[in-house]
Amino acid sequence: MSLRIDEQAYEAGNYEYVTARVRSRRASLFDDDDYRKLVRMGPGEIARFMEETEYETEMNALGARHSGVDLVEFALNRNLAKHFEDLLRFAEGRLYDLIARYLRKFDAWNVKTVFRGIYSGATPEEIETDLIEAGELSGERLDRLAAAESIEDAVELLSGTIFEDELGPALEDYQDVGLLVPLENATDRAFYSTLLAGMPDTAEGDSPIGLYREFLQAEIDFRNLRNVLRLARSGADMDPTAYYIEGGRLFDEGQLRQLATNEEQIVEAVRTSPYGDDLEDALLVLEEADSLIEFEHAIQAALLEYSDTMSNRYPLSVCPVLAYILAKEREVDNVRAIARGREANLDPDEIERELVIL
Amino acid sequence: MTGLATLASVVLQEGTNAAPAIPPLAAAALAVGLAAFGAGYAERGIGAAAVGAIAEDDSMFGRGLILTVLPETLVILALVVVFLTL
């Protein structure tokens, strides 16, 4: 699998075809009006509304086995998986490599889900419903993973993927302590280390590839930022560098250790960093409100806006694809938040605050 | 000075007498060929995008077709050159 990437990375991509398809799909996502309608519906109505949209096939396929909000959630996941799988199917050469880098995030998610499922003794069917087949791992391999008898078998099944190298040593740790943490960290590390590996360093900051690299770096930086903020908030006495991911521009390991205890210093460090301007609003939210959730929403909104600008500036590049991926992820998150919120009888205004809308 | 003038007249005379490396009709044919090549290259990208758009939405067929063949005008304009040389 990784071999395929290396060979392909130097061939030209079919940008015209993929961006045309992606733009069409981007246009058919829910807009503000749809959200406004959805927020006022009950769970049953949401399910019926979704049957008349993009999600029709998935709702019908899953309707027999699930119901209510679960149905909505599984349909969302499956639809997301279908579309992202399509992206990888369409794309060739360079473009495939660039898209796959980001979509492997779902591989990492699936691998972790499988580990947790096996660890908690869930049945293969239960694990399978929680998988999102959007990444590079094939459906067949995922099925076999879900059916694995033990964690050791699952790790064995992952040989030949990007996770192989990191999971080997982690498995020994797992066998020593009997906790999943080393395996989960190894999965994340494998994902983040391939995220930037082999990206051309020479690409200028203003070319699409350069911008994409900056986006991936931002992904790492925000992950680091989120981790360190959580540590600072919870006041847990943990070594922040244990969760540090390399490759970002925001912190290095030493800085992280100094900052981890003081939230004001973290905010100040971000403000003086290259992200200062883009995240100005998000930082204000963080200072005023006491919730990390709103800060994360602000980060996501900032990313979404940035990727839209980029896709207009570089129409034949990876940027429109990226903008679509982000927008689709937000849509799925939003609809899920609405469905869960309505189920819990939250106020429409309250739910609207949970949404990330531009 | 006079030497230069004679040299220039000799060179010019020779220029008018010798047949051009590419005769006018062949040059016109080359122009059409190159224009068609350019049109083909332009249509490659547009066609790929158009097929992508049609795959998502059937109603884009007409628009996609028109946009795909637009660069064909380049060839038609190049054909004008042929008639000018005839």
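Below, the figures for the structure above:
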| item | result |
| --- | --- |
| Qualifying residues in the stretch A:65-104 (those that are within 14 Å of chain B (Cβ to nearest Cβ) and acidic (D, E)) - the one most open to solvent (accessible area, probe 1.4 Å) | A:E92 |
| Residues of the stretch A:336-349 satisfying the condition of being open to solvent by less than 50 Å² (accessible area, probe 1.4 Å) and within 23 Å of A:V285 (Cβ to Cβ) | A:A337, A:I338, A:G341, A:P348 |
| The stretch B:66-85 residues that are among the small types (G, A, S), paired with ones that are modelled with pLDDT of 90 or more and part of a helix (DSSP H, G or I) (beta carbon under 6 Å, 6 or more apart) | B:A78/B:A31; B:A78/B:V32; B:A78/B:A35 |
| Residues within the stretch A:135-147 that are in contact with a Leu (Cβ under 6 Å, 6 or more places away or on another chain) and part of a loop (DSSP other than H, G, I, E, B), tallied | 1 |
| Unmet requirement for A:L88, which otherwise passes all of (1) in a helix (DSSP H, G or I); (2) free of Cβ contacts under 8 Å to residues at least 24 places away in the same chain | (2) |
| Candidates A:Y324, A:Y306 - the one that is hydroxyl-bearing (S, T, Y) and within 14 Å of chain B (Cβ to nearest Cβ) | A:Y324 |
| The stretch A:5-31, subset modelled with pLDDT of 85 or more and away from chain B (no Cβ under 14 Å), residue least open to solvent (accessible area, probe 1.4 Å) | A:F30 |
| All positions within the stretch A:147-161 that are in contact (Cβ under 8 Å) with a residue 60 or more places away in the chain and exposed (fewer than 13 other Cβ atoms within 10 Å of the Cβ) | A:G160 |
| Some residue of the stretch A:309-322 being part of a loop (DSSP other than H, G, I, E, B), without any contact (Cβ under 8 Å) to a residue 60 or more places away in the chain and out of contact with any Lys or Arg (no Cβ under 6 Å at 6 or more places or on another chain) | no |
| Residue within the stretch B:24-45 that is touching a Gly at 6+ places or on another chain (Cβ under 9 Å), within 14 Å of chain A (Cβ to nearest Cβ), modelled with pLDDT of 90 or more and at negative phi present | no |
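The values are calculated or read from the model by the stated rules, or taken from the named source; none is laboratory data. All values derive from a computational prediction rather than experimental measurement. Glycine gets a Cβ as well: all are built from the backbone with ideal geometry, and neighbour counts include every protein chain shown. Note: areas computed on protein heavy atoms with side chains; ligands, DNA, RNA excluded. Shrake-Rupley method; radii C 1.70, N 1.55, O 1.52, S 1.80 Å.
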